[in-house]
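Read the structure below first, then the notes.
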Amino acid sequence: MYVIAGVSGNTGSIVANALLDQGKKVRVLVRDAKKGEPWKARGAEVAVASIDDEAALTKALEGATGAYLLSPPDTASKDFVAERHVVLERVARAVTKSKIGHVVFLSSVGAQHAQGTGPIRTLHDAEEQLAKTPAKTTFVRAAYFLENWGAVLPATAHGKLPTFLPPDLSVPMVATKDIGLVAAKALLEPPSGKSEIIELAGPRDYTSRELATILTKVVGKPVEVDAAPLAAVVPTFESFGISTNVAGLFHEMYAGIASGLVAAEGKGARFVRGSVDAESTFRALGAGK
C-alpha cells in the first residue's frame, strides 16, 4: 500500500495514476471526501486528511509501505517560514508514529541551503525534520517547474513573455509529469541506506530567451522576453493577492536563482533528467490555442 498526497494537483495525481496503472494498492489523501470519489472509482482507498492534521495523517499512513508527501504553498500566509515549520513538525511526528517505512518527499533544488532561497527554505526544514524520523527518505529536489510559466502565457497574445529571470540565464526546468513519474519510481525503489537525494531536471536547461523562441513556434507569432527587475517582484505578487511575506520570499528566491545559490548541490545526490520538454508542456497548457 502506498499513500499519496497532492492528488488534487499535478504531481500527486501522476504518482497515484502511475502506481494504479501498475496494479499497486494506493491510498490517496484528500481534504474533501468528494475529491476522493474519482480515485475510489479507480480502485484506490481514500483517506480524508490534511498534512497539518497530525492525528489524521498518522492514521492515513499506518500500514503503508511508503508515502509520497509534499508541502503545499500558502500564498496568504503572514509568516510562511514559521508557520510551515509547525506544520512540518506535525508531519514528521505522524511519520514516526505511523511507523511507515519510506517517505518520498517533493523538495526543490537549492534545498541544501538554510537561507537565501525564499520559500525553498521550508523544504530545507522539511528535509531536516524527515531525516530525523525512523523512515527511509527520498528527497526529490525538482528544478523550476515548467508549468510555472502557465500564469504568464496569456501575455504571448501580445508578443511578450514576462519573467523575473535574467533573459540569458540558463536554468534547469522540469515538467510536473516527470516529477510524478520519478517519484512513483522512487516509491517502488527505496534507498538501500537511510536516505537518497534525487536532483531532477527536464531533458535540457533553458534561458527565458530560448523559451520565447519556443513559444514563437507554438503560438505562431513573434514572442519576446519581457524581463522585469527584481524590485518589481513584491508589488507584482501583491497585485495577485499574495501576502507581502510570501511575495518577499519569492523575491529572495528569484535573487537566489540569479546568483546561482538556488541550484543543484551535486555532491551526494543522484542527478536525473526527465523526458518532457518545454514545447510539449506549453502546448499542454494551451499555448497557441
Quiz item: Is it the case that Glu83 is of a type in the set (Asp, Glu) and touching a Phe, Trp or Tyr at 6+ places or on another chain (Cβ under 7 Å)?
Solution: no
Quiz prompt | Evaluation of Thr156 against (1) crowded, with 18+ Cβ neighbours inside 10 Å; (2) in a loop (DSSP other than H, G, I, E, B); (3) among the hydroxyl-bearing types (Ser, Thr, Tyr) (one fails), failing number | solution = (2)
Quiz prompt | Test for Ala258: is it small (Gly, Ala, Ser) and within 28 Å of Ala284 (Cα to Cα) | solution = yes
Practice problem: Quick one: in region 135-146, of everything that is over 18 Å from Val262 (Cα atoms) and touching a helix residue (DSSP H, G or I) at 6+ places or on another chain (Cβ under 6 Å), which residue is surrounded by the most Cβ atoms within 10 Å (Cβ to Cβ)? | Solution: Thr138
Quiz prompt | Meets criteria (basic (Lys, Arg) and more than 23 Å from Arg273 (Cβ to Cβ)) for Lys160 | solution = yes
Exercise. Considering only region 119-137, state which residues are in contact (Cβ under 8 Å) with a residue 24 or more places away in the chain and more than 14 Å from the chain's Cα centre (by Cα).
Key: Asp125, Gln129, Leu130, Ala131, Lys132, Thr133, Pro134, Ala135, Lys136, Thr137
Practice problem: Take region 204-242 and flag every residue that is of a type in the set (Gly, Ala, Ser) and in contact with a Phe, Trp or Tyr (Cβ under 8 Å, 6 or more places away or on another chain). | Solution: Ala227, Ala228, Ala232
Exercise. Could you grab me the full set of residues in region 159-186 that are in a helix (DSSP H, G or I) and over 23 Å from Ala263 (Cα atoms)?
Key: Ala184, Lys185
Practice problem: Would you tally the residues in region 83-110 being under 21 Å from Gly12 (Cβ atoms) and not small (Gly, Ala, Ser)? | Solution: 13
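Throughout, read-outs are computed from the coordinates displayed, never taken from laboratory work. Treat the numbers as computed from the prediction; the structure is a model and nothing was measured. Cβ coordinates were reconstructed from backbone atoms using ideal geometry, including for glycine residues, and neighbour counts include every protein chain displayed.
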